[in-house]
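Here is the structure we will look at.
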Amino acid sequence: MSQRLDRINELLRREISACIEKHFEFPDTLVTVHDVETAVDLKNANVFIGVIGSADQGRAVLNKLNGKRGFIQGTVMKRVVLRNTPHLHFKIDDSVERGVRILNLLDEIGDVDLPDDPDARTDKL
């Protein structure tokens, strides 16, 4: 990915995050913008949203953001001037939850007593 596109993605991430923080309320739910991936032609952008809450709350957040997509795009594009205004597509990013599940599985594996490795023995027959 080009350095210019990386800068655009980061700028969009910060501005979308500020817009959501300022104009939206999600009771009992923590909503963060994890990443933005903009197409090379700057016509589409995937916005990955992290939601800490139940699955129903995550769907509600996603529905609300997709419903207000035009407002968010307009607000962000007043501050970010680009040749093409990307069409925002909000998606749930569950990477944090997957990471926690993997860490929990690793902890469970670490608690299991494994037999000694036969190849690591120093006494040979």
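Each reported figure results from applying straightforward, stated rules to the coordinates on display, with no laboratory input. What you see is a predicted model; the values in this text were computed from it and never measured. Cβ atoms come from the backbone with ideal geometry, glycine included; neighbour counts cover every protein chain shown.
A few remarks follow.
- Matching residues in region 1-41 - criterion: being under 16 Å from the mean Cα position of the chain (by Cα) and farther than 22 Å from Gln57 by Cα: Asp6, Asn9, Glu10, Leu11, Leu12, Arg14, Glu15, Glu37, Thr38
- Near pairs, Cβ below 6 angstrom, 6+ apart or cross-chain, from region 52-72 (touching a residue at least 60 places away in the same chain (Cβ under 8 Å) and under 14 Å from Ile20 (Cβ atoms)) to any residue that is basic (Lys, Arg) and in a helix (DSSP H, G or I): none
- Thr38 being surrounded by 14 or more Cβ atoms within 10 Å (Cβ to Cβ), within 21 Å of Gly99 (Cα to Cα) and not aromatic (Phe, Trp, Tyr): no
- As a summary of the residue check, Asn9 satisfies the conditions (1) polar (S, T, N, Q); (2) surrounded by 15 or more Cβ atoms within 10 Å (Cβ to Cβ); (3) under 18 Å from Asp94 (Cα atoms) except for the one numbered (3).
- Being in contact with a helix residue (DSSP H, G or I) (Cβ under 7 Å, 6 or more places away or on another chain), under 18 Å from His87 (Cβ atoms) and either without any contact (Cβ under 8 Å) to a residue 60 or more places away in the chain or of a type in the set (A, V, I, L, M) (or both) is a description that applies to Ile16.
- Scanning region 46-101 for residues that are loosely packed, with under 15 Cβ neighbours inside 10 Å, under 15 Å from Glu25 (Cα atoms) and β-branched (Val, Ile, Thr) yields a count of 1.
- Conditions (1) part of a loop (DSSP other than H, G, I, E, B); (2) touching a Leu at 6+ places or on another chain (Cβ under 7 Å); (3) free of Cβ contacts under 8 Å to residues at least 40 places away in the same chain: number failed by Leu82: (3)
- Here region 15-34 is the region considered, the condition is being more than 20 Å from Ala55 (Cα to Cα) and touching a strand residue (DSSP E or B) at 6+ places or on another chain (Cβ under 8 Å), and the residue that is surrounded by the fewest Cβ atoms within 10 Å (Cβ to Cβ) is Ser17.
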